[in-house]
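So the structure is just underneath, and the comments pick up after that.
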Amino acid sequence: MSENPRPALKSITATPDGPRSAEQTPAADQSGAPKAVAEGVPLSVRPDPRPADGRRPIAWLRIVAPPSFGAPTEATAWCECDKRVRTATGRTAVLQLVEAHNHHRTVCPLLATQEGKAA
């Protein structure tokens, strides 16, 4: 019976002795200068397409009404003027919270119209 010797490996790479820093890739024009960023990435910051106009959210009302009639309805109302969060669970309580939130929007000092004030 003849023994087949193990075939030689194609290539054996040496294990590095320690960590090395990555080499810089030359620029596309072969000038030797490293690339600044990936292709397609702008080099400068563009202006915001939606400049701030001074508006910001002041009062929020979030209502969760699951499609199942038996599931409880929930609501959360928040206004920046008093930093208080009000919650309600159940159909009747949610309807009362919606009514209170709508009323608060008419008397809120942050939402009140500033008629007569110089622009």
Practice item. Using θ = phi - 60° and the Karplus relation 6.51 cos²θ - 1.76 cosθ + 1.60, list the HN-Hα couplings for the stretch 18-23 in order, rounded to whole Hz, with x at every Gly or Pro. Key: x, x, 10, 7, 5, 8
Exercise for review: Quote to one decimal, in nm, the extra length available between Ala59 and Ala112 on full extension: 0.36 nm per residue of separation minus the C-alpha distance between them.
Suggested key: 17.9 nm
Study note, to complete from the structure: Simple spin-label estimate for Arg20/Ala93, 7 Å along Cα→Cβ, in nm, reads 6.8
Exercise for review: Starting at the first residue of the stretch 81-95, write each ³J(HN,Hα) from the Karplus equation 6.51 cos²θ - 1.76 cosθ + 1.60 with θ = phi - 60°, in whole Hz, x for Gly and Pro.
Suggested key: 5, 10, 6, 10, 9, 10, 10, 8, 10, x, 4, 5, 5, 5, 4
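Laboratory data are not the source of any read-out in this text; all were calculated from the coordinates shown. Here the structure is a predicted model, which means the values were calculated and not measured. Backbone-built Cβ (ideal geometry, glycine too); neighbour counts: all protein chains shown.
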